[in-house]
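J.: Quick one: the structure is below, questions incoming.
The values are calculated or read from the model by the stated rules, or taken from the named source; none is laboratory data. Please read all numbers here as calculations on a predicted model, not as lab measurements. No Cβ is skipped: glycine too gets one built from the backbone with ideal geometry, and neighbour counts run over all protein chains shown.
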Amino acid sequence: MILTFVTNLECIECGETYEKEGIHYLCSNCGGNLEVNYDYSAAAEEWHRYEAKKGNELSIWRYAPLLPVEPIQFGGLNVGWTQLIESVRLKELLGMPNLSLKDDSKNPTASLKDRATAIALARSLENGAEVITCASTGNAASSLAGLGASIGATVKIFVPENASRAKVAQMLLYGAEVFKVKGSYDDAFDLCIKATEKFGWYNRSSGFNPYLSEGKKTVAYEICEQLMWNPPDAIIVPVGDGCIIGGVHKGLKDLIEIGVISEMPRLIAVQADGANSIVKAFESGEEIGTTSGTTIADGIAVGKPREGVKALRAVSETNGYALSVSDKEILEAVRTLTETAGVFVEPSAAATLAGLNKLLSSSVLSQNDRVVLLLTGHGLKAPEAAIGDLKATTIEPDISDVEKVLEG
């Protein structure tokens with residue numbers, strides 16, 4: 001049995017606190033996002049005791065002392081402990097000898113969202129929920145359906161009408177009930193909240209459930225451990241709702257609190273030009289507004305970020321940066337990653353490389369900086385978007401046709 005050291009939940013905007021028992025989503029006082037607090041002194045002691053025992057635990061549960069739930073198993077599926085890739089060819093192309101790729105597309109359902117889902121499912125079981133639901137642009141829903149299937153959970157999903165066909169196929173094949181909502185992700189999100197209130201379902205939606213950051217933060221633990229607890233200069237994160245970068249920030253703060261690391265990496269948020277509310281707020285200093293949310297990168301196609309305050313805090317408190325990139329730049333980055341590193345990621349994940357290219361040209365980062373790109377989802381999640389205008393050559397089953405093509 002692993003002890004959990006949660007003390008309470010706290011609103012990041014007004015400071016209102018909530019008991020750790022029961023189900024809490026947003027702050028009832030101001031509507032702000034909640035954050036899970038820990039007794040770091042006790043957690044640090046348990047962390048160091050647990051250190052010697054965690055070697056064979058190649059999943060997020062290797063960090064159990066800083067997680068808010070008792071570990072549960074997913075039928076042999078390991079969530080987390082994904083590879084940190086050192087691509088020689090990509091390093092040479094960019095002239096960056098200290099560049100690493102954190103490839104979270106290798107999680108069980110092929111995205112980082114499995115980290116959050118693992119915690120959400122554990123919480124739903126602790127609270128005796130019969131049904132768990134979420135709204136998603138695709139990856140979170142696929143994750144909930146897949147990991148939910150491994151433990152026999154009843155899953156209800158809300159996605160926008162334009163959700164990736166590949167992602168919806170995942171959900172359906174995993175056995176989830178899927179509602180395609182006529183409208184945007186924001187429409188699907190609002191309807192999912194109404195269903196939660198009406199039917200009493202447990203809700204795993206980003207920007208609503210405070211425990212999701214507790215799963216996503218484990219990617220920060222892994223990056224630091226895989227770099228021998230010597231954190232990088234910067235971590236570049238694709239941003240839609242803001243939950244992932246908020247989770248990365250929380251994980252790094254945890255490690256500083258228990259004395260495992262002493263330096264805070266810069267956190268850099270990358271959004272798509274058509275869904276860049278957080279970037280606009282960063283640049284203007286004004287409140288986060290709403291955009292169309294239109295981009296080829298469906299994983300970050302969010303017009304109204306639900307955890308934008310967390311995202312901006314992650315950037316500002318780490319002396320970080322926020323920028324947006326075009327769909328054209330994103331597709332070019334998809335191809336660069338596949339052709340030079342052999343890593344096929346979806347457009348939203350490739351936005352990190354597109355952002356890095358801009359950052360190098362603007363001198364926000366230097367080529368000698370130690371940088372990690374967080375790759376959040378596999379390319380097969382959105383093959384239609386990723387392939388762009390690339391086409392195979394159709395020929396007759398005749399060697400002379402091959403020769404003609406080769407000769408140009």
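J.: Can you name the number of the only condition in (1) surrounded by fewer than 16 Cβ atoms within 10 Å (Cβ to Cβ); (2) within 26 Å of VAL6 (Cα to Cα) that LEU121 fails?
T.: (1)
J.: So if I check each of GLU283, GLU263, which one is touching a strand residue (DSSP E or B) at 6+ places or on another chain (Cβ under 8 Å), at pLDDT 95 or above, surrounded by fewer than 18 Cβ atoms within 10 Å (Cβ to Cβ) and not hydroxyl-bearing (Ser, Thr, Tyr)?
T.: GLU283
J.: Go through the residues of segment 145-154 one by one and say whether even a single one is over 21 Å from GLY80 (Cα atoms) and not in a helix (DSSP H, G or I).
T.: Yes: one or more hits.
J.: Applying the selection to segment 131-145, what residues are touching a residue at least 60 places away in the same chain (Cβ under 8 Å) and over 14 Å from the mean Cα position of the chain (by Cα)?
T.: Scanning segment 131-145 gives VAL131, ILE132, THR133, CYS134, ALA135.
J.: Could you please find all residues in segment 27-48 being among the aliphatic types (A, V, I, L, M), touching a residue at least 60 places away in the same chain (Cβ under 8 Å) and assigned to a helix (DSSP H, G or I)? Explain how you work it out, then say what you get.
T.: Pass one, segment 27-48, residues among the aliphatic types (A, V, I, L, M): 34, 36, 42-44.
Right, trim to touching a residue at least 60 places away in the same chain (Cβ under 8 Å) and you get 34, 36, 43-44.
Within segment 27-48, ALA43, ALA44 meet the criteria.
J.: Quick test for you: out of ILE330, ILE387, pick the one residue that is without any contact (Cβ under 8 Å) to a residue 12 or more places away in the chain and of a type outside the set (S, T, N, Q).
T.: ILE387
J.: Let me ask something else about it. I'd like to check something: does segment 308-316 contain any residue that is part of a loop (DSSP other than H, G, I, E, B), of a type outside the set (Val, Ile, Thr) and in contact (Cβ under 8 Å) with a residue 24 or more places away in the chain?
T.: no
J.: Test each condition in (1) more than 19 Å from ASP369 (Cβ to Cβ); (2) free of Cβ contacts under 8 Å to residues at least 60 places away in the same chain; (3) part of a strand (DSSP E or B) for ALA269 and report the one that comes out false.
T.: That leaves (1) as the condition not met.
J.: Specify which of the listed residues (PRO108, PRO71) is within 21 Å of the chain's Cα centre (by Cα), surrounded by fewer than 19 Cβ atoms within 10 Å (Cβ to Cβ) and in a loop (DSSP other than H, G, I, E, B).
T.: PRO71
J.: Identify all residues within segment 49-60 that are farther than 19 Å from VAL248 by Cβ and either part of a helix (DSSP H, G or I) or not small (Gly, Ala, Ser) (or both); write none if there are none.
T.: Residues satisfying the conditions are ARG49, TYR50, GLU51, LYS53, LYS54, ASN56, GLU57, LEU58.
J.: Follow-up question, since we're still on this one. Tell me which residues, restricted to segment 322-366, are at pLDDT 95 or above, of a type in the set (A, V, I, L, M) and part of a loop (DSSP other than H, G, I, E, B).
T.: VAL343, LEU365
A quick yes/no check of all residues on (1) closer than 30 Å to TYR221 by Cα; (2) crowded, with 22+ Cβ neighbours inside 10 Å; (3) at pLDDT below 95:
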position	(1), (2), (3)
LEU112	yes, yes, no
THR137	yes, yes, yes
GLY148	yes, yes, no
GLY152	yes, no, no
PHE158	no, yes, no
ALA169	no, no, yes
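J.: When the residues of segment 157-196 are narrowed to those that are of a type outside the set (A, V, I, L, M) and in contact with a Leu (Cβ under 8 Å, 6 or more places away or on another chain), which ends up farthest from PRO305 (Cα to Cα)?
T.: Ranking the candidates gives PHE179 first.
J.: Exactly one of (1) among the aromatic types (Phe, Trp, Tyr); (2) closer than 15 Å to ALA145 by Cβ; (3) assigned to a helix (DSSP H, G or I) is unmet by PHE179. Its number?
T.: With respect to (1) among the aromatic types (Phe, Trp, Tyr); (2) closer than 15 Å to ALA145 by Cβ; (3) assigned to a helix (DSSP H, G or I), PHE179 is out only on (3).
J.: So which residues in segment 12-69 are polar (S, T, N, Q), out of contact with any strand residue (DSSP E or B) (no Cβ under 8 Å at 6 or more places or on another chain) and modelled with pLDDT of 95 or more?
T.: Result: SER28, SER41, SER59.
J.: Mind counting the residues in segment 9-46 that are over 15 Å from LYS250 (Cβ atoms) and of a type outside the set (Gly, Ala, Ser)?
T.: 18
J.: Here's something else I'd like to know. Identify, please: which residue in segment 353-408 is among the hydroxyl-bearing types (Ser, Thr, Tyr) and closer than 26 Å to GLY320 by Cβ and is, among those, surrounded by the most Cβ atoms within 10 Å (Cβ to Cβ)? Don't jump to the end; show me each part of the working.
T.: Let us first name the residues in segment 353-408 that are among the hydroxyl-bearing types (Ser, Thr, Tyr), namely 361-363, 366, 376, 393-394, 400.
Filter once more, so that each one left must be closer than 26 Å to GLY320 by Cβ: 361-363, 366, 376.
Working: SER361: 9, SER362: 10, SER363: 7, SER366: 11, THR376: 31.
Filtering segment 353-408 for residues that are among the hydroxyl-bearing types (Ser, Thr, Tyr) and closer than 26 Å to GLY320 by Cβ, the one surrounded by the most Cβ atoms within 10 Å (Cβ to Cβ) comes out as THR376.
J.: Would you confirm, using the coordinates I've provided, whether GLU317 is in contact with a Cys (Cβ under 8 Å, 6 or more places away or on another chain) and either at pLDDT 95 or above or farther than 22 Å from LEU26 by Cβ (or both)?
T.: no
J.: A further question on this structure: Is it the case, given these coordinates, that ILE256 is of a type outside the set (S, T, N, Q), without any contact (Cβ under 8 Å) to a residue 12 or more places away in the chain and part of a helix (DSSP H, G or I)? Break it down stepwise before answering.
T.: Numbers: of a type outside the set (S, T, N, Q): yes; without any contact (Cβ under 8 Å) to a residue 12 or more places away in the chain: yes; part of a helix (DSSP H, G or I): yes.
Answer is yes for this residue.
J.: Does SER100 fit the bill of being crowded, with 18+ Cβ neighbours inside 10 Å and not in a loop (DSSP other than H, G, I, E, B)?
T.: Judged against the criteria, SER100 is a match.
J.: Out of VAL343, VAL334, report the one residue that is within 20 Å of ALA301 (Cβ to Cβ) and aliphatic (A, V, I, L, M).
T.: From the options VAL343, VAL334, the qualifying one is VAL334.
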